[in-house]
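Q: Just dropping this structure here.
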Amino acid sequence: MKYDFDEIVDRRNTESAKWKAVKKLYGRDDVIPMWVADMDFKSPPEVIEALKKRVEHGIFGYPMLDDDYFDPFINWIRDRHGIEIKKEWIVTTYGVVDALKMAILAYSKPGDNVVIQSPVYYPFYNIVNSNGRMILKNSLKFENANYSMDFDDLEKKLSLKRTKLFILCNPHNPVGRIWKREELEKLVRLCNKHNVLLLSDEIHSDLVFSPNKHIPISSISQDIKESSLTFYAPSKTFNLAGLKASFVVIPNEQLRTEYKNMIESLTSDKLNIFGMVAAKVAYERGKDWLDDLLNYLRDNIDHLYDFFNEKLPKIKLQKPEGTYLMWLDFREYGDEQKVKDILVNKAKVGLEEGSIFGEEGKGFFRMNIGCPMSILKEACNNIYNAFKDL
Ligand SMILES: Cc1ncc(COP(=O)(O)O)c(C=O)c1O
């Protein structure tokens, strides 16, 4: 491995939310934070070098987005995911959550329905509710330890008159599924049949473990390419979440115009210089780093999987097909709050309780394994010691 992911980098005295909010979230500050989705690894050294160089330049006036900025992203998506994106289809935004909010405002009215597949990334609830739209849950099915989509229920929800939007999470946070072509084809057929616009959040699409393969929604059919928006960012892939540079791809001209008008009226498509520098270099030169990262994450996942299966078989888990998030079923240990209390106060690890992703997640915990293996091992041992006699 060319890159070092074993290095322990102290983040306590930085502005890191993951580390800073520990006391507030867990009531004590000696908890290993394994919650919010950023990693405890330095970004690719190529990115850090480029940022240093930019800082040393010393002038930070207004930046301009031109072809130079978009080409590395376009090339990356072609090489990694096999689809062609035209520069004029791209709108830049200040993070995927903000970009999704803009889509909700642009394509629906207060009181309209937005369908999501719970348990799911919890800000989806907030971006819909806070804008006066209604959440319709198409709960995922959980059978034989496997998550799948409930298409009968989905059709019912999509066919309602006031359903305007569907938010797809692919790869799915927190359950770790990468949706298969047949699943996406069915989904697309239903969205098209009921004239529902599909918002595809593909922020985790580079974090995929072979033989699984991420299938971009726009590759399913020409129809869905024209009736969907896809949301991307380098933030999960290269650990750049604090730099907030994301991309929305909108092939349909009319949808794009409506989206741009909404951005124009409420905010701006301007980015921060450092986000621009980092995103460009990451997509241009980050491939080897990402390949090493994926191998490292896979080792972490294997470790956790083997450890819990062998030592704490009451905790049920699957290896995620993508993302660095493990979805652990603690239900055999009983009440969620009781388990959380043991995790925090005995094991001293900060995971996220499943119910915040929707009531379907109750009793599960999401664990972020994007950290050096030594920290992961410490967390596993702590959990073992706290639960072994229960
Ligand atoms: C599915 C999903 N979408 C969006 C985000 C956040 O994106 P951003 O930080 O660009 O707003 C996350 C972060 O965890 C996520 O998991």
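Q: Against the condition hydrophobic (A, V, I, L, M, F, W, C), modelled with pLDDT of 95 or more and closer than 27 Å to Lys109 by Cα, how does Ile220 come out, does it pass? Break it down into steps so the answer makes sense when it comes.
A: Working: hydrophobic (A, V, I, L, M, F, W, C): yes; modelled with pLDDT of 95 or more: yes; closer than 27 Å to Lys109 by Cα: no.
Spelling it out, it is not the case that Ile220 is hydrophobic (A, V, I, L, M, F, W, C), modelled with pLDDT of 95 or more and closer than 27 Å to Lys109 by Cα.
Q: Right, here's the next one. Can Leu243 be described as within 16 Å of the ligand (Cβ to nearest atom), of a type in the set (A, V, I, L, M, F, W, C), touching a residue at least 24 places away in the same chain (Cβ under 8 Å) and more than 19 Å from Arg80 (Cβ to Cβ)?
A: Details: within 16 Å of the ligand (Cβ to nearest atom): yes; of a type in the set (A, V, I, L, M, F, W, C): yes; touching a residue at least 24 places away in the same chain (Cβ under 8 Å): yes; more than 19 Å from Arg80 (Cβ to Cβ): yes.
It is true that Leu243 is within 16 Å of the ligand (Cβ to nearest atom), of a type in the set (A, V, I, L, M, F, W, C), touching a residue at least 24 places away in the same chain (Cβ under 8 Å) and more than 19 Å from Arg80 (Cβ to Cβ).
Q: Looking at the range 197-215 only, could you name the residues that are more than 11 Å from the ligand (Cβ to nearest atom) and either buried (at least 23 other Cβ atoms within 10 Å of the Cβ) or over 18 Å from Ile116 (Cα atoms) (or both)? So that I can check it myself, show each step before the final result.
A: At the first step, the residues of the range 197-215 found to be more than 11 Å from the ligand (Cβ to nearest atom) are 197-198, 206, 208-215.
Scanning the range 197-215 gives Leu198, Asp206, Val208, Phe209, Ser210, Pro211, Asn212, Lys213, His214, Ile215.
Q: Continuing with this model, one more query. Given the options Ala99, Ala106, name the one that is more than 16 Å from the ligand (Cβ to nearest atom), buried (at least 18 other Cβ atoms within 10 Å of the Cβ) and closer than 21 Å to Gln254 by Cβ. Working first, answer last.
A: Details: Ala99 fails: more than 16 Å from the ligand (Cβ to nearest atom).
Going through Ala99, Ala106 in turn, the sole match is Ala106.
A quick yes/no check of all residues on (1) without any contact (Cβ under 8 Å) to a residue 24 or more places away in the chain; (2) closer than 23 Å to Phe209 by Cα:
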| site | (1), (2) |
| --- | --- |
| Asn309 | yes, yes |
| Met326 | no, yes |
| Val339 | no, no |
| Lys348 | no, no |
| Glu353 | yes, no |
| Gly363 | no, no |
| Arg366 | no, yes |
| Ile369 | no, yes |
| Ser374 | no, yes |
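Q: In this structure, is Ser205 closer than 23 Å to Gly361 by Cα, part of a strand (DSSP E or B) and at pLDDT 95 or above?
A: On the way: closer than 23 Å to Gly361 by Cα: yes; part of a strand (DSSP E or B): no; at pLDDT 95 or above: yes.
Here the answer is no, as Ser205 does not meet what is asked.
Q: From Ile116, Ile85, Ile59, which residue is more than 16 Å from the ligand (Cβ to nearest atom), of a type in the set (A, V, I, L, M, F, W, C) and buried (at least 18 other Cβ atoms within 10 Å of the Cβ)?
A: Numbers: Ile116 fails: more than 16 Å from the ligand (Cβ to nearest atom); Ile59 fails: buried (at least 18 other Cβ atoms within 10 Å of the Cβ).
The unique qualifying residue is Ile85.
Q: Then there's this: Within the range 26-46, can you find the residues that are hydrophobic (A, V, I, L, M, F, W, C) and either within 16 Å of the ligand (Cβ to nearest atom) or out of contact with any helix residue (DSSP H, G or I) (no Cβ under 7 Å at 6 or more places or on another chain) (or both)?
A: Matches in the range 26-46: Met34, Trp35, Val36, Ala37, Met39, Phe41.
Q: Looking at (1) out of contact with any Asp or Glu (no Cβ under 9 Å at 6 or more places or on another chain); (2) more than 16 Å from the ligand (Cβ to nearest atom), find the lone condition where Arg133 falls short.
A: Here Arg133 clears every test but (1).
Q: Oh, and also: Please indicate, with yes or no, whether at least one residue in the range 280-289 is closer than 24 Å to Ser16 by Cα and within 16 Å of the ligand (Cβ to nearest atom).
A: Going residue by residue through the range 280-289, those that are closer than 24 Å to Ser16 by Cα are 280-283, 286, 289.
Then drop every residue that is not within 16 Å of the ligand (Cβ to nearest atom), which leaves 282-283.
Yes; the residues of the range 280-289 include at least one that is closer than 24 Å to Ser16 by Cα and within 16 Å of the ligand (Cβ to nearest atom).
Q: Which members of the range 115-165 meet the condition of being assigned to a helix (DSSP H, G or I) and among the acidic types (Asp, Glu)? Break it down stepwise before answering.
A: Of the range 115-165, the ones assigned to a helix (DSSP H, G or I) are 123-129, 151-158.
Within the range 115-165, Asp152, Asp153, Glu155 meet the criteria.
The values are calculated or read from the model by the stated rules, or taken from the named source; none is laboratory data. Predicted model only: the values in this text are computed from it and were never measured. Quick reminder, even Gly has a Cβ in these numbers, built from the backbone with ideal geometry, and neighbours come from all protein chains shown.
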